[in-house]
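These notes are about the structure you will find just below.
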Amino acid sequence: MIKKHILIVEDDEDIQQLVSFNLLKAGFHVTCADDGEEGLAQLEKHHFDCLLLDLMLPGMSGYEVCRTVRDNEKHKKLPIIMLTAKGEENDIVTGLESGGDDYITKPFSPKILVARIKSVLRRGREASDEDEKKDAEEEIICFDDLRIDKGRHEVRLGERKIELTLTEFSVLSLLSGRPGWVFSRQKIIDAVRGYDYSVTPRAIDVQVFGLRKKLGDAGKRIETVRGIGYRFMR
């Protein structure tokens, strides 16, 4: 079985070595970078299955690196887990808004970090497996000119392709898969992140805000149900 390749962008040598040791022990292939510029250079040289990104880096910040990665067509769907000493809600929201798929605050348990990486990789694999079990018609959801192709992880508005992060696509697929159903923020978290994932409801609001912005007028289909959560209308 081919080992998953993880890129660690972390300037603290002790943390870099600790994370590397535990990931190698867990069976991953690891490459390290000391700053954002080196991390971006590594991304152009090699294929990676996940990026562990420290937010407080010298030179380019982790937020800037994340946005740069998301702006690159080649890496748009690369899972990004942010490592941060900042545990405040606003810092977490900013990280997710920059394009992160997950975050973990320092100090952290290496076992939990490994579990988070496996969870991110498993979500992508399970989504692919589930799509393969469905008929082609079930894989594609259409509402007027909005087309959501679960099999290809692709969203289009007319002829225009809409680029979404893994989390944004998961939220959209969940809501659009049951038009009219109301999903609480916690149900959305449980569905797209897993039951062991700790994240604030505010972070889900940020994902929905990003979705609406990218979808334009079609984003109006995602309605806020005050005091509960969200629903997708036909």
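Of the listed requirements (1) under 11 Å from Arg231 (Cα atoms); (2) over 16 Å from the mean Cα position of the chain (by Cα), Gly151 misses just one: (1).
Screening Ala33 on (1) in contact (Cβ under 8 Å) with a residue 40 or more places away in the chain; (2) touching a strand residue (DSSP E or B) at 6+ places or on another chain (Cβ under 9 Å) shows it passes everything except condition (1).
Would you pick out the residues in the stretch 79-89 that are in a loop (DSSP other than H, G, I, E, B) and either modelled with pLDDT of 90 or more or aromatic (Phe, Trp, Tyr) (or both)?
Listed by number, the list holds a single entry, Pro79.
Quick one: count up the residues across the stretch 204-227 that are surrounded by fewer than 17 Cβ atoms within 10 Å (Cβ to Cβ), in a strand (DSSP E or B) and in contact (Cβ under 8 Å) with a residue 24 or more places away in the chain. Of the residues in that region, 1 qualify. A count restricted to the stretch 27-71 and to residues that are of a type in the set (Gly, Ala, Ser) and within 19 Å of Tyr103 (Cβ to Cβ) stands at 5.
Specify which of the listed residues (Ile112, Ile104, Ile117, Ile92) is modelled with pLDDT of 85 or more, assigned by TED's automatic domain parsing to the domain that holds Glu64 and in contact with a Ser or Thr (Cβ under 9 Å, 6 or more places away or on another chain). Only one candidate passes the filter, namely Ile104.
Restricting attention to the stretch 42-70 and to residues that are assigned to a loop (DSSP other than H, G, I, E, B), without any contact (Cβ under 8 Å) to a residue 60 or more places away in the chain and in contact with a strand residue (DSSP E or B) (Cβ under 6 Å, 6 or more places away or on another chain), the residue that is surrounded by the fewest Cβ atoms within 10 Å (Cβ to Cβ) turns out to be Phe48. When Thr105, Thr84, Thr94 are checked against the criterion of being without any contact (Cβ under 8 Å) to a residue 24 or more places away in the chain and either farther than 18 Å from Glu163 by Cα or surrounded by 15 or more Cβ atoms within 10 Å (Cβ to Cβ) (or both), a single residue qualifies: Thr105.
For Glu73, the conditions (1) closer than 17 Å to Gln16 by Cα; (2) modelled with pLDDT under 90 are fulfilled apart from (1).
The values are calculated or read from the model by the stated rules, or taken from the named source; none is laboratory data. All values reported here derive from a predicted model rather than from experimental measurement. Cβ: placed from backbone, ideal geometry, glycine included. Neighbour counts: every protein chain shown.
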